[in-house]
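Engineer: Here it is: the structure, laid out below.
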Amino acid sequence: MAGQPAAMHVARIRSGYTGKDGRRREYESAYLRRTYRDGGTVRHETLANLSGLGEQTVALIEAALKGTPLVPAGQAMTITRSLPHGHVAAVYAMAMKLGLPALLGPAGPQRDLALALVISRVVAPGSKLSTLTWWSDTTLGADLGVAQVSDDDVYAAMDWLGARQDTIEAKLAGRHLAPEANPSKMALFDLSSSWLEGTHCPLAARGWSRDGKKAKLQIEYGLLTDPEGRPVAVRVLPGNTGDPGAFTEIVTVVRDKFKLARMVMVGDRGMITTARIGALKEMDETQRFGWITALRAPAIRKLMADDGPLQLSLFDEQDLAEISHPDYPGERLVACRNPVLAAERARKREDLLAATERLLRPLTGRVAAGRLRGADAIGLAVGKVIGKHKMAKHLQVTITDTTLAVQRRQDSIDAEAVLDGIYVIRTPVPDGELDAAGVVTAYKNLKYVETSKPQCCHSRGWSALSLVPSRSVFMRAA
């Protein structure tokens, strides 16, 4: 049999029968057979019953016996080019679900380009030139018809999008800040910065860098969102704008553009300053904004000094106490102590002190060995390292022409340690609207805002957004 494989074949035999119920049933059997001649007679020999193997296996055996070459699926074809698809398809599908295309504007090439920029910012953030190249390497370029566009086309689309900023923000405000969508009447505001190259951006200026590029020009931008962090409005500001200035501008936007009045704004000490509090107090009575912020360390020390209202005994039984002081008329002061934070600050201070002492130890050795002499030269060398970890206030440094001695100022360390884990929140919101625990909770909610920071990818208008760390402010409408 093995000598004549060509004589083997698969025989399919259809049969049927009529059951007791009168219904006709059909079935097919498959057999492996060989055909041979016995004298002048053609005979068939059944070698195996294939009926139980399944149709796919039987078909493979049949094809092989007919001489059809069988190869693994991976070798049946050669892939000459394959474009990544899944990641851009997932983001595109979510954009459609959120109604982003309709939000951007009427259908057309400009909207497709703007949508492609947003999707690219989510999937593969990069410069405009690298994004242009990337489009042709994914299915996104072909699907949105942007694979062959130029950089001028991209910037034209961004200008088109910038001109639609007011319309887009109005739609977003209606979607996320309207009473039916946002019954709590809350909004979030965040300020960040981004360094840039070039010399022609009118907003570029040197300011406090939030992304660690202190030697670069930068721009700043604030983002207004709903309580869940969904963007509603963005404002691009000169790079030297401080947090209070940005806060003032966004308050104007919230009050005048979105008509949200009687709000309570919760922000850190750098955002809601004494001057900003004064400006809020001067607003019209019907649009006056409340606020919740925290005191700085010197103000807390003043409350603790000379048997003031803030004493550590307040925290013997609980870690929260409400106090008052003449320096804050019409305001409530809620003092809190966080034992975990106190332990962490003590640990960090000890680590920084030890690190500073390690930096000074080689200098002490050089002076002792006579390789570094003269009070001026020694002082210059010490000055270069002692402020690195901002622990100079806790160290007593004694310098002569031939000696250098460093020891800790335990009195300074102890005075600072008293404040470890203690913070005081100030607010004019009456207890009837928000109790002490509610005030603390509102301020602590800033930790959630800290995880949702905006980064605009272009300064000429509303554009794709991602998230980076920076300062923030939390706002709640009363």
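The values are calculated or read from the model by the stated rules, or taken from the named source; none is laboratory data. Everything numeric in this text was worked out from a predicted model, so none of it was measured. Cβ placement follows ideal geometry from the backbone for every residue including glycine, while neighbour counts extend to all protein chains displayed. Just the protein is used for accessible areas: all its heavy atoms, side chains included, with ligands, DNA and RNA removed. Shrake-Rupley method; radii C 1.70, N 1.55, O 1.52, S 1.80 Å.
Engineer: How many of the residues making up the range 415-431 are open to solvent by 40 Å² or more (accessible area, probe 1.4 Å), of a type outside the set (D, E, K, R) and under 13 Å from E331 (Cβ atoms)?
Structural biologist: 2
Engineer: Another question, if that's okay. Select from the range 313-326 the residues that are in a helix (DSSP H, G or I) and more than 38 Å from the chain's Cα centre (by Cα) and write down the one among them that is nearest to L434 (Cα to Cα). So that I can check it myself, show each step before the final result.
Structural biologist: Initially, the range 313-326 is screened for residues in a helix (DSSP H, G or I), giving 313-315.
Subset that is more than 38 Å from the chain's Cα centre (by Cα): 313-314.
Details: S313: 25, L314: 21 Å.
This residue is L314.
Engineer: Among the residues of the range 254-267, write down those that are more than 24 Å from the chain's Cα centre (by Cα) and modelled with pLDDT of 70 or more. Spell out how you get there, then give the answer.
Structural biologist: Here is the first cut: in the range 254-267, the residues more than 24 Å from the chain's Cα centre (by Cα) are 255-264.
If the condition is that a residue be more than 24 Å from the chain's Cα centre (by Cα) and modelled with pLDDT of 70 or more, then R255, D256, K257, F258, K259, V264 are the ones that fit.
Engineer: Continuing with this model, one more query. Restricted to the range 211-227, and to residues that are in contact (Cβ under 8 Å) with a residue 12 or more places away in the chain and of a type in the set (D, E, K, R), which residue is nearest to H176 (Cα to Cα)? Spell out the reasoning first.
Structural biologist: Of the residues in the range 211-227, the ones in contact (Cβ under 8 Å) with a residue 12 or more places away in the chain are 211, 213, 216-227.
Now drop any that are not of a type in the set (D, E, K, R), which leaves 211, 213, 216, 220, 226.
Working: D211: 29, K213: 34, K216: 36, E220: 24, D226: 6 Å.
Per the criteria, the residue is D226.
Engineer: So for the range 405-417 (the condition being within 30 Å of W291 (Cα to Cα) and either in contact with a helix residue (DSSP H, G or I) (Cβ under 7 Å, 6 or more places away or on another chain) or of a type in the set (D, E, K, R) (or both)), does at least one residue qualify?
Structural biologist: Yes, there is a match, as at least one residue in the range 405-417 is within 30 Å of W291 (Cα to Cα) and either in contact with a helix residue (DSSP H, G or I) (Cβ under 7 Å, 6 or more places away or on another chain) or of a type in the set (D, E, K, R) (or both).
Engineer: Please enumerate the residues belonging to the range 196-206 that are open to solvent by less than 80 Å² (accessible area, probe 1.4 Å) and more than 23 Å from the chain's Cα centre (by Cα). Give the derivation first.
Structural biologist: At the first step, the residues of the range 196-206 found to be open to solvent by less than 80 Å² (accessible area, probe 1.4 Å) are 196, 198, 201, 203-205.
The answer is G198, C201, L203, A204, A205.
Engineer: Now, a different point. Listed residues M77, M1; which is farther than 30 Å from W134 by Cβ and modelled with pLDDT under 90?
Structural biologist: The unique qualifying residue is M1.
Engineer: Filter the range 145-154 for residues that are within 19 Å of G105 (Cα to Cα) and surrounded by fewer than 20 Cβ atoms within 10 Å (Cβ to Cβ) and give the result. Lay out the reasoning, then the answer.
Structural biologist: At the first step, the residues of the range 145-154 found to be within 19 Å of G105 (Cα to Cα) are 145-146, 153-154.
Matches in the range 145-154: G145, D153.
Engineer: So, in the range 149-179, exactly how many residues are in contact (Cβ under 8 Å) with a residue 24 or more places away in the chain, in a helix (DSSP H, G or I) and of a type in the set (A, V, I, L, M)?
Structural biologist: Adding up the residues that qualify gives 9.
Engineer: Then there's this: If you take the residues of the range 83-135 that are of a type in the set (D, E, K, R) and open to solvent by less than 80 Å² (accessible area, probe 1.4 Å), which of them is nearest to D166 (Cα to Cα)?
Structural biologist: Initially, the range 83-135 is screened for residues of a type in the set (D, E, K, R), giving 97, 111-112, 121, 128.
Restricting the remaining residues to those that are open to solvent by less than 80 Å² (accessible area, probe 1.4 Å) gives 111-112, 121, 128.
Working: R111: 16, D112: 19, R121: 22, K128: 24 Å.
Top of the filtered list is R111.
Engineer: Inside the range 380-398, can you point out the residues that are open to solvent by 60 Å² or more (accessible area, probe 1.4 Å) and either under 35 Å from the mean Cα position of the chain (by Cα) or aromatic (F, W, Y) (or both)?
Structural biologist: Answer for the range 380-398, where residues must be open to solvent by 60 Å² or more (accessible area, probe 1.4 Å) and either under 35 Å from the mean Cα position of the chain (by Cα) or aromatic (F, W, Y) (or both): K388, K390.
Engineer: What pairs can you find where one residue is in the range 232-256 and aromatic (F, W, Y), the other is open to solvent by 40 Å² or more (accessible area, probe 1.4 Å) and at pLDDT 70 or above, and their Cβ atoms are less than 8 Å apart, with a gap of 6+ or different chains?
Structural biologist: F247/R276
Engineer: Would it be correct to say that T364 is buried (at least 16 other Cβ atoms within 10 Å of the Cβ) and over 23 Å from D435 (Cβ atoms)? Step through it out loud before you land on a result.
Structural biologist: Details: buried (at least 16 other Cβ atoms within 10 Å of the Cβ): yes; over 23 Å from D435 (Cβ atoms): yes.
Considered against the rule, which asks whether it is buried (at least 16 other Cβ atoms within 10 Å of the Cβ) and over 23 Å from D435 (Cβ atoms), T364 comes out as yes.
Engineer: Look through the range 318-343, keep the residues that are out of contact with any helix residue (DSSP H, G or I) (no Cβ under 8 Å at 6 or more places or on another chain) and free of Cβ contacts under 8 Å to residues at least 60 places away in the same chain, and return whichever of them is surrounded by the fewest Cβ atoms within 10 Å (Cβ to Cβ). Before you say what the answer is, go through the steps one by one.
Structural biologist: Looking only at the range 318-343, we keep the residues that are out of contact with any helix residue (DSSP H, G or I) (no Cβ under 8 Å at 6 or more places or on another chain), and these are 318, 324, 326, 328-331, 338-343.
Subset that is free of Cβ contacts under 8 Å to residues at least 60 places away in the same chain: 318, 324, 326, 329.
Numbers: Q318: 9, S324: 12, P326: 6, P329: 8.
My answer is P326.
Engineer: Somewhere in the range 82-94, is a residue closer than 30 Å to A30 by Cβ and under 42 Å from the mean Cα position of the chain (by Cα)?
Structural biologist: Scanning the range 82-94, I find no residue that is closer than 30 Å to A30 by Cβ and under 42 Å from the mean Cα position of the chain (by Cα), so the answer is no.
Engineer: Could I ask something else about it? State whether one or more residues within the range 125-132 are among the aliphatic types (A, V, I, L, M) and farther than 22 Å from R230 by Cα.
Structural biologist: Looking only at the range 125-132, we keep the residues that are among the aliphatic types (A, V, I, L, M), and these are 129, 132.
Those still in the list that are farther than 22 Å from R230 by Cα too: 129, 132.
Within the range 125-132, one or more residues are among the aliphatic types (A, V, I, L, M) and farther than 22 Å from R230 by Cα.
Residues checked against (1) among the hydroxyl-bearing types (S, T, Y); (2) open to solvent by less than 70 Å² (accessible area, probe 1.4 Å); (3) at pLDDT below 90:
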| position | (1), (2), (3) |
| --- | --- |
| T400 | yes, yes, no |
| I413 | no, yes, no |
| E433 | no, no, yes |
| L446 | no, yes, yes |
| A464 | no, yes, yes |
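Engineer: Taking the condition open to solvent by less than 40 Å² (accessible area, probe 1.4 Å) and either modelled with pLDDT under 90 or closer than 18 Å to A102 by Cα (or both), does A157 pass? Give the steps one after another, and end with the answer.
Structural biologist: Numbers: open to solvent by less than 40 Å² (accessible area, probe 1.4 Å): yes; either modelled with pLDDT under 90 or closer than 18 Å to A102 by Cα (or both): yes.
Yes.
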